[in-house]
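The values are calculated or read from the model by the stated rules, or taken from the named source; none is laboratory data. All of these numbers come straight from a predicted model, not from anything done at the bench. Every residue, glycine as well, gets a Cβ built from its backbone with ideal geometry; the counts of neighbours run over all protein chains shown. Protein only, heavy atoms only, side chains kept; ligands, DNA and RNA dropped before computing areas. Shrake-Rupley method; radii C 1.70, N 1.55, O 1.52, S 1.80 Å.
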Amino acid sequence: MTAQKFIIPFEKLTIEDVSEVGGKNASLGEMIQALTKKGIKIPSGYAITATGYKFFLSKTKLGEYIKKELVNLREGNLDKLAEVSKKIQERFLQTPFPKEIEDSIGDAHKIFEKKYGNNSDCAVRSSATAEDLPTASFAGEHETYLNVRGVEEILYSVKKAMASLFTPRAISYRIEKKFDHLAVFLSVGVQKMVRSDLASSGVMFTLDTESGFPNVVIISGSWGLGEMIVQGKVTPDEFMVFKKTLGQKKASGLAKFLKKDEFVPIIKKKLGSKLQKMIYQSQEGTKVIETKKEERNKFVLTDEEILTLSKWGVAIEKHYSEKNKRWTPMDLEWAKDGNDGALHIVQARPETVHSQKDFAKVTEYIKKGGGKKLLAGASVGAKIATGVVNIIKDPKQINKFNQGEILVTTITDPDWGPIMKLASAIVTDKGGRTSHAAIVARELGIPAVVGAGNATTVLKTGDKVTVDTTGSDGVVYEGESDFKIIEHDVRKIPKPKTHIMMNIASPEIAFEKSFLPNKGVGLAREEFIIESEVGIHPMALVNFAKLDPKTKDKIEEKTVGYTDKIKFYIDTLSFGIAQIAVAFYPNPVILRFSDFKTNEYRQLIGGEIYEPLEENPMIGWRGASRYYDDGFLPAFQLEVEAVKKVRHEMGLKNLMVMIPFCRTPEEGKKVIDIIEKSGLSRERGLKIYVMCEIPSNILLADRFLDIFDGMSIGSNDLLQLTLGIDRDGSEKVAKIANENNEAVKKLIKEVIEICKKRRKYIGICGQAPSDYPEFAAFLVKCGIDSISLNPDVLVTTTIAIYNAEHK
């Protein structure tokens, strides 16, 4: 047996060597060979092979001992499992390596130290030969040792890594996946460490981990070594990048006015709390310390670094997809070296949940009613579950946990695997969307609310609750709510000639809903973004320096990480808008500029300072009349800047805009003048539409169409203003009529005819087609271009529209 069989340098490995060195090591070798020439930095090292592992077990009779101990072990026999695991691991550590293996590792490490220097810091990672197969994720099942130095410590850490193949969780995982214990072999990688303890590190996925949406890169990052994120012990920063315009050059006309000649498609930046970080001990090993306030309030990556990592992620995904002849989204780990500032990819494995999914099959969860909202956190899984809370603080308490209960705990790690498999949902105090709890919940197909902060104190064992992760946040509600599950096969849904579009309020659901059959978004609302993500009146941000101390403090709390409050508003608004535009790209997304009424704006921080009290806000200071008024013009200009950022900087030219509640053509001209003077030009394919929701829009339709590119009917307001029914008012009046009223339909028919005659766009984005299938049929008969529907009724109404077309 030669040394070459026991040790292989990463540079000589490819993905074909999985059976010898496992998924992690083979992938590192594959990337070093194929991708370093493209500028991707990957730290090198060497692998102790599965052949070496087998030789160790055979030569020392360790294999026979393990087989004897495992022969009677069955799934679920947890007490026996712990006992057997302890005995096997102890025997591993007590058994000396054969001289052949010890010498091979010693020789390989001499070469390693010649390259990187004496006593170089290493990461020692296990790499099981069945690990990271497309249908089975062993991620986190085996151990990693960081900042290991010198050949003696390397030998000991390699042996500990091999022994980790027989931890209780690893044994349990193999039993569940029906892997033969002695047919899974362990390779161990020894890799030069990146000094991310002096900078930052994290994980990167080349798809949206919640929905499986393929066109984005998701990056999470925290200060220090990456184990804190992988173990879910910190809430990291989150970044999202759109693949389709990443690396694309801007048009020459745009490049003149903007700093970079490439698009910057960063469509989300969310600051995490990052309360702790893992760093080196003085000599070897690691320790966890608290982060400083300035670290918590600062992003761990610059925009340039976010784009670099994203380009690398796309290149790695492309390489593996071509190699496998199918889409292969990747789960990557990255690290930034604090000494030289260089970024590195330190791990790569195929993503194992959504890569197996049939995206033509769409499942929707719809909750009916519900109790009081108890808490919220990051949403994982887009599902609903009900059940009884069981607060478990230690995985050894598994005997206290029953099948179907809702697991509530502080944080999880791989030791929690057996309990998590019994749970109907998971709620944790700590962790983010890439934490252990989130990854396992996705694999198990159950909802999870992670990083809820105070779940273990707010909830009590025995509480009946509903866990709902279908929205922008994961929410836990009091009591067990009714909900229904609807399954669709998109391939079987007929395609009407009328364009079916969608109404989207929340960016967080856009990716998931994009899989429904659609031709884009007929109404993207800004209000949800402003209310949920900003929460501050835009004029209070414009005039921040002049505010009273109490209001300033409230704003500072909401804008952590931003000294420039105007930039906070533009960024936050543009990120939300961009996520909707990305979800439906390249189909058009029609964004309605803000249409809050004065009473709604007053609810935002600082709102009372800038908003009058109105008797009837529905017909008060709203829509277009705000945009050119000195009391709101600076705020509207920020909305225009956000749209510019999305179209010009991110490259999302499918984004169009729409003016709501425009009472006269003169108002329309004023607003368009502001938009165009701000640098948004129709010469670059921008369409500016107007909401058709006031009778004057129809009576003067030709004049409105002289200045706008088309109309979208707002049936809710058109109903109230045609029949004098306040839709926020008395039930006694509201029941008189709905959009099927003859007067309303007459106006709608008329405006459709005018738009068709003028060859201008005419659609509808109001509630009526979602509520009344017969109204949708009426619109089809009138020849409307598009009908924009609420996602929950899109499939049923699409079928009704198709049937109406074929009568």
Exercise for the section: Please work out if I289 is surrounded by fewer than 23 Cβ atoms within 10 Å (Cβ to Cβ) and either in a strand (DSSP E or B) or in contact (Cβ under 8 Å) with a residue 60 or more places away in the chain (or both). Expected result: yes
Exercise for the section: Keeping to the stretch 24-48, report how many residues are among the hydrophobic types (A, V, I, L, M, F, W, C), in a helix (DSSP H, G or I) and under 27 Å from the mean Cα position of the chain (by Cα). Expected result: 2
Problem - Unique match (being modelled with pLDDT of 95 or more and either farther than 25 Å from F515 by Cα or in contact with a Pro (Cβ under 7 Å, 6 or more places away or on another chain) (or both)) among F544, F575, F584 - result: F544
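Among the residues of the stretch 619-643, which ones are farther than 22 Å from M501 by Cβ and either touching a Gly at 6+ places or on another chain (Cβ under 6 Å) or among the β-branched types (V, I, T) (or both)?
The first filter runs over the stretch 619-643 and keeps only residues farther than 22 Å from M501 by Cβ, leaving 619-622, 624-638, 640-641.
Within the stretch 619-643, I619, V640 meet the criteria.
Need at least 2 residues that are modelled with pLDDT of 90 or more and open to solvent by 30 Å² or more (accessible area, probe 1.4 Å) per element, so show me which helices (runs of 4 or more DSSP H) inside the stretch 372-489 make the cut, counting only ones lying wholly within it. Working first, answer last.
On the way: elements: 417-420, 436-444, 455-458.
Per the criteria, 455-458.
Could you run through the stretch 299-317 and say how many residues are surrounded by fewer than 16 Cβ atoms within 10 Å (Cβ to Cβ) and either over 29 Å from T328 (Cα atoms) or of a type in the set (V, I, T) (or both)? Don't jump to the end; show me each part of the working.
First pass over the stretch 299-317, keeping only residues surrounded by fewer than 16 Cβ atoms within 10 Å (Cβ to Cβ): 302-304.
Keeping just the survivors that are either over 29 Å from T328 (Cα atoms) or of a type in the set (V, I, T) (or both) gives 302.
Of the residues in the stretch 299-317, 1 are surrounded by fewer than 16 Cβ atoms within 10 Å (Cβ to Cβ) and either over 29 Å from T328 (Cα atoms) or of a type in the set (V, I, T) (or both).
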Completion exercise
When every residue in the stretch 743-784 that is touching a Leu at 6+ places or on another chain (Cβ under 6 Å) and open to solvent by 30 Å² or more (accessible area, probe 1.4 Å) is compared, the one farthest from K497 (Cα to Cα) is R758
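Would you mind finding the one in E533, E512 that is in a helix (DSSP H, G or I) and touching a Gly at 6+ places or on another chain (Cβ under 7 Å)?
Numbers: E512 fails: touching a Gly at 6+ places or on another chain (Cβ under 7 Å).
Just one listed residue meets the conditions, E533.
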Practice task
Determine, yes or no, whether R684 is more than 26 Å from T559 (Cβ to Cβ), of a type in the set (K, R), surrounded by fewer than 19 Cβ atoms within 10 Å (Cβ to Cβ) and under 35 Å from the mean Cα position of the chain (by Cα).
Solution key: yes
Completion exercise
Selection from the stretch 593-606 of residues among the small types (G, A, S) and either within 14 Å of P660 (Cα to Cα) or surrounded by fewer than 20 Cβ atoms within 10 Å (Cβ to Cβ) (or both) yields S594
Handout entry: Criterion violated by V241 - all others in (1) free of Cβ contacts under 8 Å to residues at least 60 places away in the same chain; (2) open to solvent by less than 10 Å² (accessible area, probe 1.4 Å) satisfied
Key = (1)
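Taking M193 as the residue in question, decide whether it is farther than 26 Å from F359 by Cβ and open to solvent by 10 Å² or more (accessible area, probe 1.4 Å). Break it down into steps so the answer makes sense when it comes.
Details: farther than 26 Å from F359 by Cβ: yes; open to solvent by 10 Å² or more (accessible area, probe 1.4 Å): yes.
Considered against the rule, which asks whether it is farther than 26 Å from F359 by Cβ and open to solvent by 10 Å² or more (accessible area, probe 1.4 Å), M193 comes out as yes.
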Exercise for the section: Check the stretch 621-638 and report whether any residue there is polar (S, T, N, Q), at pLDDT 95 or above and open to solvent by 50 Å² or more (accessible area, probe 1.4 Å). Expected result: yes
Handout entry: Options G606, G576: the member that is closer than 22 Å to S532 by Cβ and in contact with a His (Cβ under 6 Å, 6 or more places away or on another chain)
Key = G606
Problem - Test: S273 is at pLDDT below 95 and either surrounded by 22 or more Cβ atoms within 10 Å (Cβ to Cβ) or under 26 Å from F511 (Cβ atoms) (or both) - result: yes
Practice task
Tell me, please, whether a residue that is closer than 14 Å to A635 by Cβ, surrounded by 21 or more Cβ atoms within 10 Å (Cβ to Cβ) and in contact (Cβ under 8 Å) with a residue 12 or more places away in the chain can be found in the stretch 540-557.
Solution key: yes
Handout entry: Looking only at the stretch 702-744, and only at residues there that are of a type in the set (D, E, K, R) and under 14 Å from Q767 (Cα atoms), the one that is modelled with the highest pLDDT
Key = D717
Practice task
Being aromatic (F, W, Y) and farther than 18 Å from E238 by Cβ is the filter; apply it to the stretch 318-343 and report the residue that is surrounded by the fewest Cβ atoms within 10 Å (Cβ to Cβ).
Solution key: W327
